[in-house]
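The structure under discussion appears below in the form of structure tokens.
A short reminder: the numbers here are calculations on the coordinates, not readings from a lab. Just so it is clear, the model here is predicted, and its values are computed rather than measured. Here Cβ is always computed from backbone atoms with ideal geometry, including for glycine, and neighbour counts include all displayed protein chains.
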Amino acid sequence: MSMAEFDRFLFAFTVGSHIILVTMSISIILLLTILEGLKLRRNNSAYADLIHRLKRVFVIFFGIGTASGIVMAMELVGLFPGFMTVVSMTGVINLFYAEVFAFFLETIALVLYVYFEGVFKWKYTDFVLSFVVLSGTLVSAVFITMVNSWMNTPNGFNTADFPSITGVSPWAPFLTPSTFAQVMHVLVTTIFTGAMMMGAFFAYKYLKDTDSGERILDRIIVRITSVTSIVGIVLAGLTGTNEMADVLVNQPLKYAAFDLNYNSGSNMPERLFGGLQNGNFVYGLQIPGLQSLLATIETGKTVLPGLTQYPQSTWPPLLVHTTFDVMVAGGLILGVFLFIVFLSFVLRKDFLRYRFILYAQILAGAFSLIVYELGWVTDEVGRQPWIIYQVMKVSKAANYSTGLLIPGYLIVAFYLVLVPLTFYFFFRIYNISGIHRESKPNQEGVAY
């Protein structure tokens, strides 16, 4: 493994671990905001108990996620100094400043929300503060995703003059050709994945709990996360379709790799799994004309790009075709499961009475995280070998110092311990926080 490959591996591993923490943070603060609204509307002690517990859990994920974000920032500087040089000389640096401002907003509101409960007499204070924390968390994610969008479709300077940086437009990176499509899909899928994971945990608790009060709390969260997930899977499909259209228009080589188009052409089949052998598609399934039909509907394009239009040295690893197919197939499987849950709502059936659905929820929660991570792998590996698409290759941005090896492996070992330990404390703190609650939830909790 070369040092450039090691830099790729280390940063990918760090981002993949960080994403888990961020996804949980966003899902928990969203749950808290929903529960604050329900508490105002229904005045039920069950909601107050859940808020009391989840606040403490959120602080854990927020604190560890913040520390992890600092690791990522240091790795960007240490592993890819060439990239950060370009960032500092263009308007992209403003996106980082904007992300820090959103983080400050989130932190200040969180301190008020967690440590000054009951100090402010306005009854909407807790709801508003939770909403501000949620907004800060989402806006932080938006600005970081904007940086990634810029890496996919760079603007704000004369890319043709690179490595010289000329014609800088400091605010252009806030809106690149791919910004809207990527930001919307990332937000939706992040919220969806977090909701599925929280639903899985509380479905497991509902199966294991014997205390009636605990089961009432579990029911509330499972039902909230189910509704959130149903809405999320629909929006994920719509935004995913929009992002794929954006890739076709703005990153045709990446698109060709996703769909394994060796040659350009029209009336192209949809290729499922399989691979290329001497330029021919093998070991997979082809659906005649489907790829071209979908592309025409989404973008109006009738001639689709092929890999042979580009130098082979610029092709991404064709593994992205498989990760893309697994991601899409995984989304469809999750959609089928959630359609069953949706039908139970429509038919007014209590799906929590069916153990097979609860077990399926547990599996679906874990599977949704795998699908989500594969989405990031597909997008980022699909951009290789470029760190800035068709401008700067990773090999030109990387740090080749072998002094990074030992710290890098230590960071990998640290995350292998940190992420499971964070979930362990989540389980422990959630359960301990409820032991000394002032009152048991009443049966009104079942009504949600």
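Data table
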quantity	calculated
For segment 380-385, 3J(HN,Hα) per residue [Karplus equation, 6.51 cos²θ - 1.76 cosθ + 1.60, θ = phi - 60°, Hz, x = Gly/Pro]	6, 5, x, 8, 4, x
Reachable lysines, given that their alpha-carbon falls under 29 Å from the alpha-carbon of K301 and they are not under 8 places away in the same chain	K254, K393
Three-way shape call for segment 295-370 based on the alpha-carbon gyration tensor, with the a/c threshold at 1.5	oblate
Stretch gain in nm, segment N158-I70, where the contour uses 0.36 nm per residue and the Cα spacing is subtracted	28.6 nm
Helix 92-115 vs. the chain, principal-axis angle (Cα, 0 to 90°, nearest 10)	10 degrees
Amide H partners (placed H, <5 Å) of G284, local residues excluded	G275
Inter-site label distance for Q390 and F427 at 7 Å from Cα along Cβ, in nm	4.9 nm
Whole-number percent relative contact order across the chain, with pairs defined as alpha carbons under 8 Å at least 6 apart	23 percent
Mean separation of Cα contacts under 8 Å, 6 or more apart, over the residue count of segment 197-400: relative contact order %	25 percent
Distance (nanometres) between label positions extended 7 Å along Cα→Cβ at I333 and T302	3.9 nm
Nearest 10 degrees, 0 to 90: helix 290-299 Cα axis against the chain principal axis	80 degrees
Cα gyration tensor shape of segment 197-400, rounded if a/c is under 1.5, else prolate or oblate by comparing a/b with b/c	prolate
Derived scalar couplings ³J(HN,Hα) [segment 118-131; Karplus, 6.51 cos²θ - 1.76 cosθ + 1.60; whole Hz; x for Gly, Pro]	x, 6, 8, 7, 5, 5, 8, 4, 5, 5, 5, 5, 5, 5
3J(HN,Hα) from dihedral phi, segment 340-347, Karplus parametrisation 6.51/-1.76/1.60, rounded to Hz, x for glycine, proline	4, 5, 4, 4, 5, 5, 4, 7
Residue-averaged [θ]222 nm for the chain, counting only DSSP H segments that reach four residues, each worth -39500 (n - 2.57)	-24500 deg cm²/dmol
Which of I64, I93, I28 has the fewest Cβ neighbours within 10 Å, and the rest in rising order	I93, I64, I28
Global geometry of segment 105-207, whether rounded, prolate or oblate, following the gyration tensor of its Cα atoms and the 1.5 cut on a/c	oblate
Local net charge near M72, Cβ-Cβ under 15 Å (Lys/Arg +1, Asp/Glu -1)	-3
Amide H contacts under 5 Å for E270, placed H, 5+ residues apart	I287, G289, L290, Q291
In nm, spacing of pseudo-spin labels at S2 and I287 (7 Å Cα→C-beta vector)	3.9 nm
Most fluctuating residue given options Q182, Q390, Q312, as computed from a GNM of the chain linking Cα atoms under 10 Å	Q312
